[in-house]
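Here the structure comes first, spelled out in structure tokens, and everything after it is commentary.
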């Protein structure tokens, strides 16, 4: 018997796919941003924060039916937070 699009099982599968896609995207982004020479801590941490924030925001936004808005807001907040942390590292010479 095929699963109906509105069934609870289909929604759970879609949510699982979204979570897995977010985890894979964030992991790939972390690998790319953590290894580059010549980048300041502020740049690297801003990129990392934006990736993590975007993934988390996408997941949270999906729960309210606004995945894109959640991802955009999460990326902006995560990027700003990451930049602030990285900038402090640069000032202190870490």
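Quick rundown of the values:
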read-out	value
Net length gained if the chain between residue 12 and residue 90 were fully extended (0.36 nm per residue, minus Cα distance)	23.8 nm
Exposure proxy ranking, count of Cβ atoms within 10 Å, fewest first, for 83, 94	94, 83
Equivalent-ellipsoid semi-axes of the range 41-94, from the Cα gyration tensor, Å, largest first	26, 7, 6
Peptides ranked, highest mean first, by Cβ atoms within 10 Å: ranges 53-64, 13-24	53-64, 13-24
Distance (nanometres) between label positions extended 7 Å along Cα→Cβ at residue 64 and residue 80	1.6 nm
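Where a number appears in this text, it was derived from the coordinates with a stated rule and is not lab data. This one's a predicted model, so the numbers in the text were calculated from it and none came from an experiment. No Cβ is skipped: glycine too gets one built from the backbone with ideal geometry, and neighbour counts run over all protein chains shown.
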